[in-house]
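Taking it in order: structure first as structure tokens, then the write-up.
No value in this document is a laboratory result; all are computed from the given coordinates. All of these numbers come straight from a predicted model, not from anything done at the bench. Cβ sites come from the backbone with ideal geometry, for glycine too, and all protein chains shown count toward neighbours.
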Amino acid sequence: MSQLVEFLPVLVFFLVYQWTDMVTATMALMASMSLFCLMEWMVRRKLTRTRLLALVLVLLFGSATVLTRNALFIQWKPTILQWILAVVFLGSHVVGGGKVLIRRLMENNVTLPDAIWIRLNLAWVGFFLLSGALNLYVAWSFSEEIWVRFKLFGLMGLTIIFALLQGATMIRYAQKNEPGE
């Protein structure tokens, strides 16, 4: 269900935009994000901090877009979220009892050397900074329609590819740490 909450509101936004305009698509994004978060809350009785932050940003920047009829507000939302995540991941090097955030999220599933956890965490920091900047570049340099496509296919695709690369790195180093090796 968690992946649906990530993907479906963006898909709803994209589809509604294809038939209407940015303001209507933004209202659909706000409604669908709220609905999927409510459904997740009803099933799991919790929302992750990241999901809650994403919901707040969608509602805040979406409302600004709807009220002003200015697409730049909703176009900034992915960048703000990604840059906040970059700061959180980077801050976990200082705060968190000696464990970086990616380790705290994944260590129940895989055992890796400390240096690899740090490298993976810093890679996420870089990814969030670059993808946030790329979002702004596309928003400012291309048409609104291109940005809407980029939001669904570009950002989502880049995130999936990066996560797969992270997974491959984890597998590579986790295999070296298995008992008997």
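Under 8 Å by Cβ, and 6 or more places apart or on different chains, what pairs join a residue from segment 103-116 that is under 13 Å from Gly167 (Cα atoms) with one that is hydroxyl-bearing (Ser, Thr, Tyr)?
The qualifying pairs are Leu112/Tyr173; Ile116/Thr169; Ile116/Tyr173.
Could you tell me whether Leu130 is within 15 Å of Val10 (Cβ to Cβ) and either surrounded by 15 or more Cβ atoms within 10 Å (Cβ to Cβ) or over 12 Å from the mean Cα position of the chain (by Cα) (or both)?
No: the conditions fail for Leu130.
Please determine whether any residue of segment 117-130 is in contact (Cβ under 8 Å) with a residue 60 or more places away in the chain and in contact with a Phe, Trp or Tyr (Cβ under 7 Å, 6 or more places away or on another chain).
no
What's the total number of residues in segment 82-101 that are hydrophobic (A, V, I, L, M, F, W, C) and either in contact (Cβ under 8 Å) with a residue 40 or more places away in the chain or touching a Phe, Trp or Tyr at 6+ places or on another chain (Cβ under 6 Å) (or both)?
Adding up the residues that qualify gives 6.
List the number of the failed condition for Leu112; all other conditions in (1) in contact with a Phe, Trp or Tyr (Cβ under 6 Å, 6 or more places away or on another chain); (2) under 14 Å from Gln82 (Cα atoms); (3) not acidic (Asp, Glu) hold.
Here Leu112 clears every test but (2).
Looking at segment 73-95 only, could you name the residues that are aliphatic (A, V, I, L, M), farther than 14 Å from Gly132 by Cα and either surrounded by fewer than 16 Cβ atoms within 10 Å (Cβ to Cβ) or touching a strand residue (DSSP E or B) at 6+ places or on another chain (Cβ under 8 Å) (or both)?
Scanning segment 73-95 gives Val94, Val95.
Based on what the data block shows, is Ser34 in contact with a helix residue (DSSP H, G or I) (Cβ under 9 Å, 6 or more places away or on another chain), of a type in the set (S, T, N, Q), under 26 Å from Leu105 (Cβ atoms) and part of a helix (DSSP H, G or I)?
yes
Tell me which residues, restricted to segment 28-65, are surrounded by 18 or more Cβ atoms within 10 Å (Cβ to Cβ) and free of Cβ contacts under 8 Å to residues at least 40 places away in the same chain.
Ala28, Met30, Ser32, Met33, Phe36, Cys37, Glu40, Ala54, Leu55, Leu57, Phe61, Gly62
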